[in-house]
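One structure is given below, encoded as structure tokens.
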Amino acid sequence: MFAKKIIFFFSFWGLCSWIYAQTAIVRGSVQDAAGDPIIGATVYFEKLGIGANTNLQGLFSISKVPAGKHDLRITYLGYDTVRQNVEVAAGKAITLNFKMTENQGKELETVEIVAEKSIIDPTKVNTGVVKISSKDISLIPTLGTPDLAQYLQVIPGVISTGDLGGQIFVRGGTPIQNKVLLDGAVIYNPFHSIGLFSVFDTDYIRSTDVYTAGFSAEYGGRVSSIMDIKTRTGNLSRFSAKAHLNPFTTGFLAEGPLAKDASSFLISSRYGLIDQISKSMYSYVNDTAGMPYQLVDIFGKVTFGGEANRVNLFGFHQQDKVTYGFPANIQWKSSGGGANFMFLPNNTNAIISGNFALSSYQTGLVSASEAFPRKSSITGFNGGLNFAYIINSVNELSYGIEFLGFSTDLKFSNSLGLITQAANNNTEAAGFVKFKKVFKQTQTLNGEKVDFHRFVLEPSLRAHYYNNQSVVSFEPRIRGKLNFKRISFNAAAGMYSQNLMSPTSDRDVVALFQGFLSAPEDETPKNLVKNNSLQYAIHYLAGVEIRLFNAVDLLVEAWQKNFTQLTNSNRNKLFPTDPTFITETGIARGVDINLKLQTKKLYLSAVYGLSKSERNDFITTYFPVFDRRHNVNLVANYKTGDIEGKFSREAKWEFGLRWSLGSGFPFTQTQALFEKLYFWNNGSQAPVLNQNGNLTIMLSDAYNGSRLPYFHRLDITAKRKFSIKDKFLLEININTFNTYNRENVFYFDRIRNTRVNQLPLVPTAGISFLW
């Protein structure tokens, strides 16, 4: 019996091998004129009726192509159609690389591989992920130039706590629980202190994928969200540059070929001006001091290889400094760099990619209300090797390994002056496997049989080893999608873990200091749920996508995150023997609704979020400071007038607005004032009779039992572009931030009994020059 099974297996395997030997594999890449990948382009054999779409790297693979000569067509919205006659041989794999050029206002021929033209990305599970391009970012009114930080605030599930030092909270998670990657390198602080600027210049961003929950196993090490930023390649065919100037920043970007169509460079720099200009233009923002923010961002990239096989080298440096005086002065800097590559081996459907990067971050804070300055630094490396196989055009199998290591050094004190100082070294390793299966159903359309992508299933598994805890975390995850003609149902679930934690409490209203510490090894936090000090979460998502009309889409997502173990600072530490950290649990849930209309000239988006976050420290259940129940963002953008010639894709005029509304954040009311005595020498045995204490507050027992007023703000922008001799593009923009001058509270200075507001009406004008 066993021998028969062996004979059957090898016979079946031989039959499959013979069948595949009679056909060929056609694969390759699709890029734009600058050498950047085009995502979602249709690559199609017209008479054979088979094809594929390009993936996130601009790659495609079509298997079971009969031997012979066939007409291949490549289409993508806004680009000229590419046609090529391809000859394939049985049992072989050929690699083709295509360049597409933007069309000059002509109507694009379109090809429908399947019947579901009304479905939004029928082969991709879109729940819990928002894909952002640089063109998307430019739709949002901004202070100066478009910036990723301001676009993130209008996507479903994201809450910002303020313009001045505000942080980003993603579906119930804290900033330390968000992982940010720049071409694979870990960025430890992606936002400047002013809160309206990220450390990334929009002009070099190719794409940004924001995974707000339920992300699959190729990402790990965080329990809330992932932001994966990919930079574009420097222009492989010609030199170009862009400069901008406005009251907030000035910047310059240059790019061009090192060897035409073989290698290129890109360099970007941005410098903050607001600390100098605001003293005269916006002195009313903070008495006569203006806005004391300084920032510097530098990024450089070199690319070798102009087609599917390429290597990228990159580096970055970022600085930030805020001189508030009271309540604090803070500064930080971040530097790093790395390399990544992509390779397509011959005669196989495999795609091999990898990366290695170094990153460091140092920050310090001097506060008028704290006896000692805070200091924190983290230096680390990370790398990985990934393998992906495109099977039958749409099915994919991928797996890979990831390794990282970092050292943290931290010093801070709590409100009683008790000092925490720790230096840790840590290494981690992880492996993952993910499979995407698209189930097809044959239907008859206009008398022809076509494939309908009915169901998509993406199971994945991650195993993550934490050396300092001697723990392996096994994390199964699954994502799926069910398609009908104009509606798709999505769902996702998964388990997540992380090692990094913040030394400051999640209960701090204004968290200017962003320090880092790995999970404590030499101290067991109070009330551990598991037998280690890691943080854990379980995500659940369910969503529906509806194509209401050809240009109108509706997305509804319900989500829940169970934070089964969180490590937080012990704000109630009274004695040196008390634990520095405590364990909490939490739950966050909500519903997000996004209605979007997008045509060539008009973009409208309405986002409403209803959410609730709770934390339990085993003493009481409370609402964290970022618990905003209602969140609304309305965005409109209209373009009109065509520029002729080289810049025909640009509109002469562009008008945009954004209106945001948010319910009040929770806060704890003041109960009394008292003189605080420090105990940093001997804890409770310290001599107190000869001390001069500081004026301090006593808070109400109802922690976060009250709510701040509602927040709302209107931003408006207008842009005019000019083509100069068909060689240069000049843009002049005028913006008003907080147009009707709403007094939105940021926080209340209890010691001075003073309300601190977010930014008032701020008008700006800027100019950019492209050549």
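The values are calculated or read from the model by the stated rules, or taken from the named source; none is laboratory data. The shown structure was predicted, so the numbers you read here are calculated from the model rather than taken from an experiment. FYI the Cβ positions are ideal-geometry reconstructions off the backbone, even for glycines, and counts take in every protein chain you see. Accessible surface areas use protein heavy atoms only, side chains included; no ligands, DNA or RNA. Shrake-Rupley method; radii C 1.70, N 1.55, O 1.52, S 1.80 Å.
How do the pairs read when you match residues in region 710-725 that are under 20 Å from Leu759 (Cβ atoms) with residues anywhere that are among the acidic types (Asp, Glu), using Cβ under 9 Å and keeping only pairs 6 or more apart or on different chains?
Filtered contacts from region 710-725: Arg713/Asp163; Thr717/Glu654; Ala718/Glu654.
Against the definition (aromatic (Phe, Trp, Tyr), closer than 30 Å to Ala52 by Cα and modelled with pLDDT under 90), how does Phe343 come out, yes or no?
Criteria met by Phe343.
Return the residue satisfying two criteria in turn: it lies in region 74-119 and is surrounded by 16 or more Cβ atoms within 10 Å (Cβ to Cβ) and at pLDDT below 75, and of such residues it is farthest from Leu548 (Cα to Cα).
Among those residues, the one meeting the criterion is Asn103.
Looking only at region 211-219, decide whether some residue is within 20 Å of the chain's Cα centre (by Cα), part of a strand (DSSP E or B) and at pLDDT 90 or above. Steps first, please.
Of region 211-219, the ones within 20 Å of the chain's Cα centre (by Cα) are 211-219.
Retained after the next criterion (residues that are part of a strand (DSSP E or B)): 211.
Narrowing further to those that are at pLDDT 90 or above: 211.
Taking every residue of region 211-219 in turn, at least one turns out to be within 20 Å of the chain's Cα centre (by Cα), part of a strand (DSSP E or B) and at pLDDT 90 or above.
Sort out which residues of region 1-52 are open to solvent by 70 Å² or more (accessible area, probe 1.4 Å), modelled with pLDDT under 75 and in a loop (DSSP other than H, G, I, E, B), and write them in order of number.
Hits for region 1-52 are Met1, Gln22.
Only one residue in Thr583, Thr564 is under 18 Å from Tyr496 (Cα atoms), in contact (Cβ under 8 Å) with a residue 12 or more places away in the chain and open to solvent by less than 20 Å² (accessible area, probe 1.4 Å). Which one?
Being under 18 Å from Tyr496 (Cα atoms), in contact (Cβ under 8 Å) with a residue 12 or more places away in the chain and open to solvent by less than 20 Å² (accessible area, probe 1.4 Å) holds for just one of Thr583, Thr564, which is Thr583.
Would you mind telling me which numbered condition in (1) more than 28 Å from Lys411 (Cβ to Cβ); (2) at pLDDT 95 or above; (3) of a type outside the set (S, T, N, Q) Val529 fails?
(2)
Out of all the residues in region 735-766, which are within 14 Å of Thr142 (Cα to Cα) and either at pLDDT 95 or above or buried (at least 17 other Cβ atoms within 10 Å of the Cβ) (or both)?
If the condition is that a residue be within 14 Å of Thr142 (Cα to Cα) and either at pLDDT 95 or above or buried (at least 17 other Cβ atoms within 10 Å of the Cβ) (or both), then Asn735, Thr736, Phe737, Asn738, Thr739, Leu759, Val762, Thr764, Gly766 are the ones that fit.
Would you confirm whether any residue within region 255-263 is within 30 Å of Asn741 (Cα to Cα) and open to solvent by 20 Å² or more (accessible area, probe 1.4 Å)?
Checking region 255-263: not a single residue is within 30 Å of Asn741 (Cα to Cα) and open to solvent by 20 Å² or more (accessible area, probe 1.4 Å).
Of all residues in region 70-97, which are assigned to a strand (DSSP E or B) and within 16 Å of Ile25 (Cβ to Cβ)?
Once the filter is applied, which keeps residues that are assigned to a strand (DSSP E or B) and within 16 Å of Ile25 (Cβ to Cβ), region 70-97 yields His70, Leu72, Val86, Glu87, Val88, Ala93, Ile94, Thr95, Leu96, Asn97.
In region 214-235, what residues are hydroxyl-bearing (Ser, Thr, Tyr), within 18 Å of Ser473 (Cα to Cα) and crowded, with 24+ Cβ neighbours inside 10 Å?
Matches in region 214-235: Ser216, Ser224, Ser225.
Select from region 244-267 the residues that are under 13 Å from Ser768 (Cα atoms) and basic (Lys, Arg) and list them in ascending order.
none
Would a scan of region 306-317 turn up a residue that is in contact with a helix residue (DSSP H, G or I) (Cβ under 8 Å, 6 or more places away or on another chain), part of a strand (DSSP E or B), open to solvent by less than 60 Å² (accessible area, probe 1.4 Å) and at pLDDT below 95?
No: zero hits.
Determine which single condition Thr640 fails, assuming it passes every other condition in (1) over 23 Å from Val154 (Cα atoms); (2) open to solvent by 50 Å² or more (accessible area, probe 1.4 Å); (3) of a type in the set (Ser, Thr, Tyr).
Going through (1) over 23 Å from Val154 (Cα atoms); (2) open to solvent by 50 Å² or more (accessible area, probe 1.4 Å); (3) of a type in the set (Ser, Thr, Tyr) one by one, Thr640 breaks only (2).
Kindly provide the set of residues from region 594-637 that are open to solvent by 20 Å² or more (accessible area, probe 1.4 Å), of a type in the set (Lys, Arg) and assigned to a strand (DSSP E or B), ordered by number.
Lys596, Lys612
What number of residues within region 318-367 are open to solvent by 30 Å² or more (accessible area, probe 1.4 Å), under 30 Å from Leu196 (Cβ atoms) and either aliphatic (A, V, I, L, M) or over 23 Å from the mean Cα position of the chain (by Cα) (or both)?
The total comes to 10.
Filter region 120-148 down to the residues that are more than 19 Å from Phe197 (Cβ to Cβ), modelled with pLDDT of 85 or more and among the aliphatic types (A, V, I, L, M) and list them by number.
Val125, Val129, Val130, listed by residue number.
Would you pick out the residues in region 603-646 that are out of contact with any Ser or Thr (no Cβ under 8 Å at 6 or more places or on another chain), of a type in the set (Val, Ile, Thr) and without any contact (Cβ under 8 Å) to a residue 60 or more places away in the chain?
Answer for region 603-646, where residues must be out of contact with any Ser or Thr (no Cβ under 8 Å at 6 or more places or on another chain), of a type in the set (Val, Ile, Thr) and without any contact (Cβ under 8 Å) to a residue 60 or more places away in the chain: Ile619, Thr621, Thr640.
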